[in-house]
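Everything below concerns the one structure shown next.
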Amino acid sequence: MSTGVDFATAVKQEAAYLRLVHPTPDDIPSCFRLMELAMGCHGIRSQVKSWYRHGESSRCAHKHDDFKFCLSMKWMESDQRYDAWINRRAEWWAKRRLDKSSEDVWAMRTEPRKAFPRPVTDEEIQQVLENTEETLM
């Protein structure tokens, strides 16, 4: 799906959005939370959902990578850690947004379809009612 946006622009857009959603360094997930997500990926619920949706077991490597990245940031100051996490997530979302997806079979509309659904007039309703009454008699 061609969005007309290059990767660098997409990363900037995603970073701006993430900074709105996570306005302070306290809003980013902790390493403990990321470890829980990585371990939960191997749980039965996650595996069954993955088998149902994709026909294969869950791929948990990206969650483990997030946890390892978090551990590598522990030496940083809070603001540096925040910026590093925002940039990493922005790149991940930008790549996901610009790469191919199972949703690519759908064409994104930029405007609603004209006259859809077509408005039904009072005359058409009256005609249907008359035809229905005739067939019932």
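Summary table below
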{"item": "Complete set of residues in segment 67-100 that are of a type in the set (Gly, Ala, Ser), surrounded by 17 or more Cβ atoms within 10 Å (Cβ to Cβ) and under 24 Å from Gly40 (Cα atoms)", "result": "Ala90"}
{"item": "All positions within segment 97-136 that are hydrophobic (A, V, I, L, M, F, W, C) and at pLDDT 85 or above", "result": "Leu98, Ile125, Val128, Leu129"}
{"item": "Residue within segment 46-57 that is at pLDDT below 95, part of a loop (DSSP other than H, G, I, E, B) and of a type in the set (Lys, Arg) present", "result": "no"}
{"item": "Leading residue by the ranking (surrounded by the most Cβ atoms within 10 Å (Cβ to Cβ)) among those in segment 113-137 that are in a loop (DSSP other than H, G, I, E, B) and aliphatic (A, V, I, L, M)", "result": "Val120"}
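Matching residues to (1) of a type outside the set (Phe, Trp, Tyr); (2) under 19 Å from Trp92 (Cα atoms); (3) open to solvent by 70 Å² or more (accessible area, probe 1.4 Å); (4) in contact (Cβ under 8 Å) with a residue 24 or more places away in the chain:
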site	(1), (2), (3), (4)
Ala16	yes, yes, no, no
Leu20	yes, yes, yes, no
Ile28	yes, yes, no, yes
Cys31	yes, yes, no, yes
Ala38	yes, yes, no, yes
Ile44	yes, no, yes, no
Gln47	yes, no, no, no
Tyr52	no, no, yes, no
Ser57	yes, no, no, no
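The values are calculated or read from the model by the stated rules, or taken from the named source; none is laboratory data. These numbers were taken from a predicted model, which means no experiment stands behind them. Please note: Cβ atoms are built from the backbone with ideal geometry, for glycine as well, and neighbour counts cover all protein chains shown. With ligands, DNA and RNA removed, areas are computed over all heavy atoms of the protein, side chains included. Shrake-Rupley method; radii C 1.70, N 1.55, O 1.52, S 1.80 Å.
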